[in-house]
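Below is one structure, written out as structure tokens, with a few remarks after it.
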Amino acid sequence: MTFIDTLQRRGWELASPEYTPYRIAFDVEKLTWELQFFTKHFLEAYRGSRISAASRESLAAEYAAIAEELAAEPRVLCHRDYHSRNLMLHDGSLYIIDFQDARLGPDTYDLVSLLRDSYVDFTESQVDAFIAFFLALRDGRLSAPGDPDEFRRRFDLMALQRNLKALGTFGFQTTSRQNTVYIQYIPRTLNFARGNLAQYPRFARLRELLAEHLEELR
């Protein structure tokens with residue numbers, strides 16, 4: 001959490017179009033592409049779903065609403081893959097690797113990557129505590145503290161998008177690369193998605209559409 005706060009703060013201070021991460025972002029096109037990647041490689045290729053034209057159109061509308069909201073959020077510098085496997089402890093110091101895809105994005109992105117990590121289980125009380133700690137760090141350097149409930153809503157929206165994208169990656173690795181190691185992480189990631197889909201009424205239609213192909217979401 002401390003590193004994410006530092007990255008966002010220093011990222012703002014050092015912002016310059018001379019650096020590649022400041023010229024690319026999680027915009028509508030990128031976020032939508034990732035959700036369509038989930039449809040293609042997880043629903044269709046991995047689960048063998050046949051999606052009707054009407055359902056595909058409805059999914060596109062749901063994806064568009066998510067992508068447009070996330071893309072409209074104020075942007076900060078994001079590591080982009082800030083999860084357990086990219087955090088290395090060596091001689092008592094923490095090292096962060098795999099930062100080549102750094103770009104601008106929502107301030108919830110890296111926190112979601114860490115706390116809704118497909119490879120690690122946190123209890124909900126731990127997630128709540130970590131988010132509160134991050135907000136204390138962030139609000140300590142802002143002139144006006146933010147609304148924690150609104151931040152949590154945005155966190156959950158970002159988590160849903162990222163977890164669906166992760167499922168797309170797992171499906172792609174399994175079916176296109178014949179790399180089956182990621183299958184073991186699918187249940188945890190689906191569980192994350194199910195929790196957010198069930199929690200917010202706005203996702204009722206998306207949950208209905210996905211549940212046609214994923215019994216885990218019913």
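Values quoted throughout were computed directly from the atomic coordinates according to the rules given, and no laboratory measurement underlies them. Please read these numbers as outputs of a predicted model, since none were measured by experiment. Methodologically, a virtual Cβ is constructed for each residue, glycine included, from the backbone with ideal geometry; neighbour enumeration extends over all protein chains shown.
Values for this structure:
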read-out	value
Verdict on GLY140 being within 18 Å of the chain's Cα centre (by Cα) and not basic (Lys, Arg)	no
Residue satisfying condition, being of a type outside the set (Phe, Trp, Tyr) and free of Cβ contacts under 8 Å to residues at least 12 places away in the same chain, within set PRO187, PRO201	PRO201
Matching residues in the range 82-128 - criterion: being of a type in the set (Lys, Arg) and either in a helix (DSSP H, G or I) or free of Cβ contacts under 8 Å to residues at least 12 places away in the same chain (or both)	ARG85
Complete set of residues in the range 78-97 that are of a type in the set (D, E, K, R) and either touching a strand residue (DSSP E or B) at 6+ places or on another chain (Cβ under 8 Å) or surrounded by 15 or more Cβ atoms within 10 Å (Cβ to Cβ) (or both)	ARG80, ASP81
Residues satisfying the stated conditions in the range 44-69, i.e. surrounded by 18 or more Cβ atoms within 10 Å (Cβ to Cβ) and either in contact with a Gly (Cβ under 8 Å, 6 or more places away or on another chain) or part of a loop (DSSP other than H, G, I, E, B) (or both)	TYR46
In the range 170-193, residue nearest to GLU73 (Cα to Cα) [restricted to those that are buried (at least 19 other Cβ atoms within 10 Å of the Cβ) and among the polar types (S, T, N, Q)]	THR189
